[in-house]
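Enquirer: Mind having a look at this structure? Questions to follow.
A short reminder: the numbers here are calculations on the coordinates, not readings from a lab. The model shown is predicted, which means the values in this text are computed figures rather than measured ones. Cβ: placed from backbone, ideal geometry, glycine included. Neighbour counts: every protein chain shown.
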Amino acid sequence: MSETRSVETSASDIETAIEQGLKELGVARESVIVEILEEPSRGLLGIGARPARIRLTTAAPARPASAPESAPAPAKPAPAKPKPKPAPAPPPADSQPAAAEDEEDIDLPAPVSESDMDEDARVGLATLEELLAKMQVEAEVVVYRAPEAADNDSPWVLQIRGRDLGVLIGRRGETLASLQYITRLIASRELQRRANIVLDVEGYKSRREQILRRLAKRMADQAIQLGRTVTLEPMPPYERRIVHLALRDHPEVTTESVGEGEHRKVTIIPRRR
Amino acid sequence: MKELVEYIAKSLVDDPSQVRVTEVDEGASTILELEVAQEDMGRVIGKNGRVANAMRVLVRVLAAKQGKRITLEII
């Protein structure tokens, strides 16, 4: 086995990033394995936009080079279109920025009226509305049960809707995480127990979840084909959990988080047979 | 501008009457000084400063809207 080389690149879409990487390595596309570290996302109104990040590894000569590549490649039919499409496949979720609000954007469950909310939802909603007002953010909050269907203990979702809400999401969802943390803290204090609520902004989390699930599946395929552990980008706890859950029942890989704090990331490990 | 911090702090402490937020203006940037009762310090700081940091992140949203730099100090 000759030694393998690898390079990581990022660009506004996956195809461009791959081309850059190929140039850097000076090899043909057939001789590399493409790992998509992060799918591109244009965020909401440009805020929270992320480039595509990929890793190219020269394949060992014994390996049929085209096989491993076939998995991630079709995900990005970018060259067919003149403009690089920043968002991957499912258009209903990702291709709609916040501005297209009045059209059928994100598929949200029907909101619940105040009389049908329990105490958690009511207190959470009041707290969140107060916080938003003090932050001088104009937005509407709709409330519904998370459609997890697991049990009737699924959390209430406080979905924040409105224009220009990118600021409420922040880089890697940091602002949204802080807003949720403070809202829960205040509501839980008032309720004197853990408030069963989660926050979202314009369906950001649901979209992110879809992207992460797809990423997880594809990286699992990579791990199997490479026969070695594949490491994903650092992610916040909530996002790592989505990846772990997506692969929990996968027969051929296991997952594990490694690293500390902000650098903690998921690794996908092929199972030994 | 201080209302946000005041609201959060008062909602988290045992003694809201001792919550005080002072705005110190320094041209383009503003410092928000948060004072709470000694026994309540832990509540507004949190484990590893988690509460304080979350407050700072939210203050930043407000700061961005006003085109200012706002720093939050707990004293």
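Enquirer: Filter the stretch A:185-194 down to the residues that are at the interface with chain B (Cβ under 10 Å from one of its Cβ atoms) and in contact (Cβ under 8 Å) with a residue 12 or more places away in the chain, then identify the one that is surrounded by the most Cβ atoms within 10 Å (Cβ to Cβ).
Expert: A:Ala187
Enquirer: Could you run through the stretch A:140-184 and say how many residues are touching a residue at least 40 places away in the same chain (Cβ under 8 Å) and touching a strand residue (DSSP E or B) at 6+ places or on another chain (Cβ under 7 Å)?
Expert: So the answer is 16.
Enquirer: Go through the stretch B:23-75 and count every residue that is within 14 Å of another protein chain (Cβ to nearest Cβ) and polar (S, T, N, Q).
Expert: So the count comes out to 3.
Enquirer: Can you name the residue in the stretch A:231-263 that is assigned to a loop (DSSP other than H, G, I, E, B) and under 15 Å from the mean Cα position of the chain (by Cα) and, of all such residues, is surrounded by the most Cβ atoms within 10 Å (Cβ to Cβ)? Before you say what the answer is, go through the steps one by one.
Expert: First, the residues of the stretch A:231-263 that are assigned to a loop (DSSP other than H, G, I, E, B): A:235-236, A:247-252, A:259-260.
Applying the additional criterion that residues be under 15 Å from the mean Cα position of the chain (by Cα) yields A:235-236, A:247.
Numbers: A:Met235: 22, A:Pro236: 14, A:Leu247: 20.
Per the stated criteria, the residue is A:Met235.
Enquirer: Grab the helices (runs of 4 or more DSSP H) fully contained in the stretch A:105-222, keeping just those with 2 or more residues being within 17 Å of the chain's Cα centre (by Cα).
Expert: So the answer is A:166-169, A:174-191.
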